[in-house]
């Protein structure tokens, strides 16, 4: 995610004058401007694996998604599990908590995913 590599093969993700290639879908926490300013933990894709994913990924077949070109996929923050030290040792207190870089960090967080905010979004009809 940090180096903008394809989530399938690890080669450089596809980029043209409209931006990087991403898939995204509307979620309960999506902003009213969706897909603009959407927060995603899904890395971009190369063109070849975007076509393969669109045809073979069971999750994409079962949900409405958008193919996007994103000019400014800004690093937004991390998510993970928050741990608290107790008399009995470390205890998980919250799972999959989002911690934006713009706000104070959660002490005891073990981050597991990086998130990007998708800005400068163009919805494209085809790959």
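Name the residues in segment 1-17 that are surrounded by fewer than 11 Cβ atoms within 10 Å (Cβ to Cβ), closer than 16 Å to residue 121 by Cβ and in contact with a strand residue (DSSP E or B) (Cβ under 8 Å, 6 or more places away or on another chain), would you? If you could, list the steps in order and put the result at the bottom.
First pass over segment 1-17, keeping only residues surrounded by fewer than 11 Cβ atoms within 10 Å (Cβ to Cβ): 2-3, 16-17.
Narrowing the set further to residues that are closer than 16 Å to residue 121 by Cβ leaves 16-17.
Answer for segment 1-17, where residues must be surrounded by fewer than 11 Cβ atoms within 10 Å (Cβ to Cβ), closer than 16 Å to residue 121 by Cβ and in contact with a strand residue (DSSP E or B) (Cβ under 8 Å, 6 or more places away or on another chain): just 16.
Where in segment 1-105 are the strands (runs of 3 or more DSSP E), entirely inside, with at least 1 residues that are over 18 Å from residue 118 (Cβ atoms) and at pLDDT below 90?
Those strands (runs of 3 or more DSSP E) span 89-100.
State whether one or more residues within segment 70-85 are over 16 Å from the mean Cα position of the chain (by Cα) and either loosely packed, with under 14 Cβ neighbours inside 10 Å or over 18 Å from residue 107 (Cα atoms) (or both).
The answer is yes; a qualifying residue exists.
The values are calculated or read from the model by the stated rules, or taken from the named source; none is laboratory data. Predicted model only: the values in this text are computed from it and were never measured. In this analysis, Cβ positions are derived from the backbone assuming ideal geometry, glycine residues included, and neighbour counts consider all displayed protein chains.
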